[in-house]
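Written out below as structure tokens is the structure these notes cover.
The values are calculated or read from the model by the stated rules, or taken from the named source; none is laboratory data. As the structure is a prediction and not an experimental result, all values here were calculated from the model. Every residue, glycine as well, gets a Cβ built from its backbone with ideal geometry; the counts of neighbours run over all protein chains shown.
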Amino acid sequence: MQARLAREEQLRRMVETNTQARHRHKRLTFFWARTGLLLSFLLLWELLSGRVIDSFFISSPLKIGASFEELFQGGKVFLHFATTLNEVLLGFTAGVLGALIGAVLVIIFRDAYDVVEPFFIALYGIPRIALAPLLIMWLGLGIKSKIFLSGLLVFFVVFMTVVAGIRMVDEGVINSARLMGGSRSQIIRTVILPASYPYFVAGLRMGVPMAIIGAIVGEFISANRGIGFLIQWASSAFNTSLAFAAIFLLLILVVGLNFAVNKADAHLLKWRPKNSEERITTTM
Amino acid sequence: MPPEPVFTIKDVYKIFYTPDRRDQRSTFAVRGVSLDIYPGTFVTFVGPSGCGKSTLLNMMSGLTFPSDGQILFRGQPIRKTNYQIGYITQHDNLLPWRTLLGNVQLALEYRGVPKPEREERARALINKVGLSGFESYYPRELSGGMRQRANLIRTLVYDPEVILMDEPFGALDAQTRLVLQDELLKLWSGSGKTIVFVTHDLVESIALSDQIVVFTQSPGEIKAIYDVPLKRPRDVFHIHKSEGFTETYDRVWVDLQQVLARAGLVKTGDGAAVQKGG
Ligand SMILES: Nc1ncnc2c1ncn2[C@@H]1O[C@H](COP(=O)(O)OP(=O)(O)O)[C@@H](O)[C@H]1O
Ligand SMILES: [Mg+2]
């Protein structure tokens, strides 16, 4: 009996360490594969530039690095970065809040939404970017018009996704909550919204690039600060390296926002199986 | 004088019509059903699938309404969702984003029961059905039998006097099903609750109920109603050895066999084996 217990304990340890080792191994492999890919890309770029393709058009990683340094030296970069970050964050937040409020209204006034939906879809179909010049006319040259455009783009994609999610909520689950005595607002809070979380998160993911597109396009059209302005200005001065350096700044913004969304995702969807891990554990 | 029925079903019809399906005409799901269900009794509905059992339960719970006829709950026609009953559906409907404890507490949360009390009541029931230790598990981490237990107690936790159960053990293996039947009878006995339980298993319906209602294959009528004379408390594990089991089985089987034969599910004259298995 004693021996058997010891053996089982040993077996358990083995499975646990093996699984952990696999996780670690997989994470490491992926990390190095990605790093390798990135480095090869930069290397190839550096090699092609000036030898095969005119570096006037594509610059080169080293030159971009130099521009980047220059950009930081003046301190002006912080103004541009902060301006765009501000527009993106406010636009994203406003768009997401608007989408959530819209979604709750759709739940409550289902029939009314069904009436207006075709108009909504039609609006969704026209490129909202086309509104940018009008928005600037209405809201001025400052950051308000950029925030609005950014928010508008985010709103549509999050709203449409969440509404699709609400449509998918299992009728049976709602009925069972009703029978258990749930009021309308309780059911929205405990059933419908949590059930649409995965869609909401998917909407957030799609919303990140939208928020940035809105801010940047707004800045392209008219602005005197912001990363979009920087790109525009650098290109018109034929300073390819600076333009790429500014795009790199955008990349930082994207990575930061995606990181935040991933955090929210992990928090909201604790109950969902973590795909890769579960796959590994179940094959043991 | 007999007590007032919990449910009075009076000549109820239900017609489903889905205009989008062009080739499909309207169907009768329930046709001319009349039935009284008395307080404290355990009634089972037996019949082939598609004969309108679930539709009847949906009408008794106020999720849908009769096309014609009337269903009274304690003498009052059902006009909206019937909150005074518990309804355990075939599909477990647990919320995947809530733990076992969170799921079992849900109905109490809806009722505004304070947190310490609702946790205590939920934990008591979780213990009672042998799920302690799994409080913080999500539904996907529970086995089929455990989920069905959870489904059962999330309704029992708010103590409804009337419970409708739609093939709650249908998807379980034979052993788990027996264990849950036993647990259900223990939870029910002495509680005075009225239970309406849908099953397609004749043995299960004899083991559990006071009364068996046999439905015919569409058009969804009642074929016959039988009283089950078996003494309580019952031993579901040896129910086939109970006094009166064989007689009841044979009596009900005659009708059920005809129904199944008409549905093309069994040949007349040699059906017993089929039914016992399923
Ligand atoms: N919501 C619905 N819409 C259309 N037809 C339905 C609906 N619900 C049930 N039916 C039909 O009614 C009949 C009875 O179904 P149901 O009550 O689920 O039977 P059972 O529970 O006895 O298997 C079936 O023919 C089924 O197709
Ligand atoms: Mg059914």
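Quick check, is A:ILE216 within 26 Å of A:ALA245 (Cβ to Cβ) and part of a helix (DSSP H, G or I)?
yes
Which residue is farthest from ligand 1 (Cβ to nearest atom), if the candidates are limited to the range B:23-65 and must be within 14 Å of chain A (Cβ to nearest Cβ) and of a type in the set (A, V, I, L, M)?
B:MET60
Hey, B:PRO114 hits all of (1) modelled with pLDDT under 95; (2) away from chain A (no Cβ under 13 Å) but one; which does it fall short on?
With (1) modelled with pLDDT under 95; (2) away from chain A (no Cβ under 13 Å) applied to B:PRO114, the lone miss is (1).
Looking for whichever is on the phi < 0 side of the Ramachandran plot and surrounded by fewer than 15 Cβ atoms within 10 Å (Cβ to Cβ) here; the options are B:SER34, B:SER67, B:SER61. Which one fits?
B:SER34
Report, by residue number, each residue of the range B:16-73 that is over 22 Å from B:VAL203 (Cβ atoms), in a strand (DSSP E or B) and within 14 Å of ligand 2 (Cβ to nearest atom).
Once the filter is applied, which keeps residues that are over 22 Å from B:VAL203 (Cβ atoms), in a strand (DSSP E or B) and within 14 Å of ligand 2 (Cβ to nearest atom), the range B:16-73 yields B:PHE16, B:ALA29, B:VAL30.
Give the residue, chosen from B:ALA261, B:ALA273, that is closer than 22 Å to B:LEU172 by Cα, modelled with pLDDT under 90 and out of contact with any helix residue (DSSP H, G or I) (no Cβ under 8 Å at 6 or more places or on another chain).
Within the list B:ALA261, B:ALA273, the selection yields B:ALA273.
If B:ASP92 passes every condition in (1) within 18 Å of A:ILE187 (Cα to Cα); (2) modelled with pLDDT of 95 or more; (3) of a type in the set (Asp, Glu) but one, which one does it miss?
(2)
Within 16 Å of ligand 1 (Cβ to nearest atom) and in contact (Cβ under 8 Å) with a residue 24 or more places away in the chain: is that true of B:GLN84 in this structure?
When the stated conditions are applied, B:GLN84 does not pass them.
Name the residue, out of B:PRO219, B:PRO168, that is of a type outside the set (A, V, I, L, M) and in contact with a Cys (Cβ under 9 Å, 6 or more places away or on another chain).
Checking each option against the conditions leaves just B:PRO219.
Select from the range B:74-86 the residues that are within 13 Å of chain A (Cβ to nearest Cβ) and in contact with a strand residue (DSSP E or B) (Cβ under 8 Å, 6 or more places away or on another chain) and write down the one among them that is nearest to B:THR199 (Cα to Cα).
Among those that are within 13 Å of chain A (Cβ to nearest Cβ) and in contact with a strand residue (DSSP E or B) (Cβ under 8 Å, 6 or more places away or on another chain), it is B:GLY86.
Just to verify a result, which residue in the range B:185-219, among those that are more than 15 Å from ligand 1 (Cβ to nearest atom) and among the charged types (D, E, K, R), is farthest from B:VAL236 (Cα to Cα)?
Checking each candidate, the answer is B:LYS193.
If I filter the range B:87-105 for residues that are at the interface with another protein chain (Cβ under 9 Å from one of its Cβ atoms), assigned to a helix (DSSP H, G or I) and surrounded by 13 or more Cβ atoms within 10 Å (Cβ to Cβ), do I get at least one hit?
Within the range B:87-105, none of the residues are at the interface with another protein chain (Cβ under 9 Å from one of its Cβ atoms), assigned to a helix (DSSP H, G or I) and surrounded by 13 or more Cβ atoms within 10 Å (Cβ to Cβ).
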